[in-house]
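Student: Quick one: structure below, then a few questions.
The values are calculated or read from the model by the stated rules, or taken from the named source; none is laboratory data. Just so it is clear, the structure is predicted and the values come from calculations on it, not from any experiment. Cβ placement follows ideal geometry from the backbone for every residue including glycine, while neighbour counts extend to all protein chains displayed.
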Amino acid sequence: MDHIEAFQQALAETIAWCAPRATPLEPKSSLRSLPLRSQPSIQPSIENWSTDNWKQAVSDIATTRAMFLRDAGIHPQEPATDLAGGRLLLFAPDETLSDGAADVNSGGFFDSDNVPPWDTWVAYIEDIATDPQHGNPWFLEAFRRDQEITNEPMQLAYVVCWVPPCLLEAADAGIWANPEECIEWLADRDTDFTRALQGTGLLA
């Protein structure tokens, strides 16, 4: 299974888990389920999480979610080929300023560190920025500085999440309120990974 097909399988599992749980009446709690939150790697505060912390946490969430779906007899047999009315979201931990604006404007869909609900986490992607046209000022400044000094593309790392259709409005409100743009729709960032997804129908 190649990395795109593996991503599509994880996405199918995320959709199967989140779709029946999501409700616009509870954007803060409906997709922060305790069974997934109980993983040892999911620590109380993300403030000092490293790349390895994020990678392990997302992997543990995905593994546990798949196990629960199998136990319930509803594990998807095929990788996702569409977004079931939702959208893919990007959260870049290294870019967050933990300002809390997205939390307030999304009704708690994002927390005060701008982290989306852990039930929605699909994959942790280590990537390369190709030619970013926008993003927070710190990100763009670092990108241009690295380009001038090393002539190498900028390394990125981010969590890809699936936002159910009933919570798209809440997520969008949080994105618009987030000044540093550490959260955005995946389709809006140009990277090697998003280019690899072209043609899958998953970048709506």
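Student: Within segment 91-106, how many residues turn out to be in contact with a strand residue (DSSP E or B) (Cβ under 7 Å, 6 or more places away or on another chain) and surrounded by fewer than 18 Cβ atoms within 10 Å (Cβ to Cβ)?
Tutor: So the count comes out to 1.
Conditions (1) free of Cβ contacts under 8 Å to residues at least 60 places away in the same chain; (2) within 13 Å of T96 (Cα to Cα); (3) touching a Pro at 6+ places or on another chain (Cβ under 8 Å), marked per residue:
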residue	(1), (2), (3)
Q155	yes, no, no
P164	no, no, no
L168	no, no, no
A171	no, no, yes
W176	no, no, no
I183	no, yes, yes
D190	no, no, yes
A196	no, no, no
G201	no, no, no
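Student: Which pairs have Cβ atoms under 7 Å, sit 6 or more apart or on different chains, and link a residue in segment 82-105 that is more than 18 Å from W118 (Cβ to Cβ) and modelled with pLDDT under 95 to one that is crowded, with 19+ Cβ neighbours inside 10 Å and aromatic (F, W, Y)?
Tutor: E95/F139
Student: Residues of segment 57-75 being touching a Leu at 6+ places or on another chain (Cβ under 7 Å) and among the β-branched types (V, I, T), which ones? Reasoning before the result, please.
Tutor: Taking segment 57-75 and keeping what is touching a Leu at 6+ places or on another chain (Cβ under 7 Å), we get 61, 64-65, 75.
Once the filter is applied, which keeps residues that are touching a Leu at 6+ places or on another chain (Cβ under 7 Å) and among the β-branched types (V, I, T), segment 57-75 yields I61, T64.
Student: Moving on to the next point. Among the candidates S45, S50, S30, single out the residue that is under 23 Å from D113 (Cβ atoms) and modelled with pLDDT of 95 or more. Quick ask: steps written out before the conclusion?
Tutor: Values: S45 fails: modelled with pLDDT of 95 or more; S50 fails: modelled with pLDDT of 95 or more.
Result of the check over S45, S50, S30: S30.
Student: May I pose another question? Taking the conditions exactly as written (over 19 Å from W49 (Cβ atoms), at pLDDT below 95 and not in a loop (DSSP other than H, G, I, E, B)), does T200 satisfy them or not? Steps first, answer last, please.
Tutor: On the way: over 19 Å from W49 (Cβ atoms): yes; at pLDDT below 95: yes; not in a loop (DSSP other than H, G, I, E, B): no.
Answer is no for this residue.
Student: Sticking with this structure for a sec: Quick one: which of D113, D127 is more than 18 Å from S30 (Cβ to Cβ), part of a loop (DSSP other than H, G, I, E, B), within 19 Å of the chain's Cα centre (by Cα) and modelled with pLDDT under 95?
Tutor: Details: D127 fails: part of a loop (DSSP other than H, G, I, E, B).
D113 is the lone residue from the list that is more than 18 Å from S30 (Cβ to Cβ), part of a loop (DSSP other than H, G, I, E, B), within 19 Å of the chain's Cα centre (by Cα) and modelled with pLDDT under 95.
Student: Could you please let me know if E141 is at pLDDT below 95 and either in a strand (DSSP E or B) or surrounded by 22 or more Cβ atoms within 10 Å (Cβ to Cβ) (or both)?
Tutor: Values: at pLDDT below 95: yes; either in a strand (DSSP E or B) or surrounded by 22 or more Cβ atoms within 10 Å (Cβ to Cβ) (or both): no.
No, not satisfied.
Student: With a cut-off of at least 3 residues that are more than 26 Å from F193 (Cα to Cα), name the helices (runs of 4 or more DSSP H) lying wholly within segment 1-110. So that I can check it myself, show each step before the final result.
Tutor: Numbers: elements: 3-18, 34-37, 51-71, 101-105.
Helices (runs of 4 or more DSSP H) meeting the threshold: 34-37, 51-71, 101-105.
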